[in-house]
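Comments concern the structure below.
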Amino acid sequence: MKLAIMQPYLFPYIGYFQLINAVDLFILYDDVNFRKRSWINRNKILLNGHEHMYTFPCKGISQNKLINEIQVDTTTKFIEKFFKIIQYAYEKKAPFYNETLMLLNKIFQSSEKQSIAKFNHISIVEICKYLNIKTEIKIASEASPQTNELRRENRIYSICKQYNGSTYINAMGGKDLYNKEDFSKKGLTLQFISPITTELNYTQLNTLEFVPWLSIIDVLMNNSKQNCQTMLNAYTVK
């Protein structure tokens with residue numbers, strides 16, 4: 001059993017979905033502290049050939065609150081503004097605009113008046129369905145609430161034990177946090193996933209130079225499901 005754990009990011013980049021695709025069980029840490037200026041409520045698309053940061057407004061933002069305690073402000077005014085930006089950036093230019101727009105509409109229709117954690121959970125699940133990613137996704141506060149008081153790798157050990165995990169896979173950034181020998185002492189194999197960047201380039205709109213690591217929205221707008229699935233497997237794990 002291969003596991004991975006990440007915070008619930010907002011329409012995250014392709015590498016996030018590669019990690020989901022690489023494991024059998026993916027846990028969303030919705031019960032850890034919200035971090036300002038993180039990827040929890042913002043991300044980037046391509047607008048007029050340049051990176052454009054969009055942010056989902058949230059109520060009562062505080063780093064002393066858990067992610068699942070932060071309410072996303074999905075008012076009609078905000079939703080209309082978000083879709084206008086998407087329309088301006090991609091309509092009539094992106095080859096898979098209609099398919100992606102239908103997916104976004106479905107996500108918003110099923111996630112009104114939710115915490116940002118729940119909104120992101122719903123969006124991640126729906127995108128995985130769209131891309132035919134079969135990985136089981138669970139929410140930490142529901143699936144493993146007894147581990148909430150544990151910190152860092154101790155919580156990971158506990159969750160892996162709970163689900164009979166043998167291998168824990170983390171993004172490359174985790175190399176500064178986790179040690180393979182420490183995991184081995186707990187009977188776990190620690191591996192790190194690394195995207196093969198040369199295989200993740202695709203034709204983007206209005207730009208002469210490829211802009212990497214944008215939101216999955218940009219990937220979906222410009223690539224068929226088949227191309228997306230090819231990119232999902234463009235990684236190494238070791």
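Key figures for this structure:
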| read-out | value |
| --- | --- |
| Close pairs from the stretch 187-210: first in contact (Cβ under 8 Å) with a residue 60 or more places away in the chain, partner assigned to a loop (DSSP other than H, G, I, E, B) and among the small types (Gly, Ala, Ser), Cβ under 7 Å, at least 6 apart | PRO195/ALA234; LEU200/ALA234; LEU205/ALA94; ASN206/GLY49; THR207/GLY49 |
| Filter result (assigned to a helix (DSSP H, G or I), farther than 14 Å from ALA4 by Cα and not acidic (Asp, Glu)) within the stretch 176-199 | LYS180, SER184, LYS185, THR197, THR198 |
| Subset of the stretch 30-44 (residues that are crowded, with 21+ Cβ neighbours inside 10 Å and closer than 16 Å to SER123 by Cα) | ASP30, ILE40, ASN41, ASN43 |
| In the stretch 133-165, the residues that are charged (D, E, K, R) and outside any helix (DSSP H, G or I) | LYS134, GLU136, LYS138, GLU149, ARG151 |
| Of residues in the stretch 86-102 being of a type outside the set (Phe, Trp, Tyr) and crowded, with 18+ Cβ neighbours inside 10 Å, the one farthest from ASN120 (Cα to Cα) | ALA94 |
| Verdict on LEU150 being in contact with a helix residue (DSSP H, G or I) (Cβ under 9 Å, 6 or more places away or on another chain), under 30 Å from LYS77 (Cα atoms), at pLDDT below 95 and of a type in the set (A, V, I, L, M) | no |
| Pick from the stretch 89-132, criterion touching a strand residue (DSSP E or B) at 6+ places or on another chain (Cβ under 9 Å) and not in a helix (DSSP H, G or I), ranking: modelled with the highest pLDDT | SER115 |
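The values are calculated or read from the model by the stated rules, or taken from the named source; none is laboratory data. What you are looking at is a predicted structure, and each value in this text was computed from that prediction instead of being measured. Cβ coordinates were reconstructed from backbone atoms using ideal geometry, including for glycine residues, and neighbour counts include every protein chain displayed.
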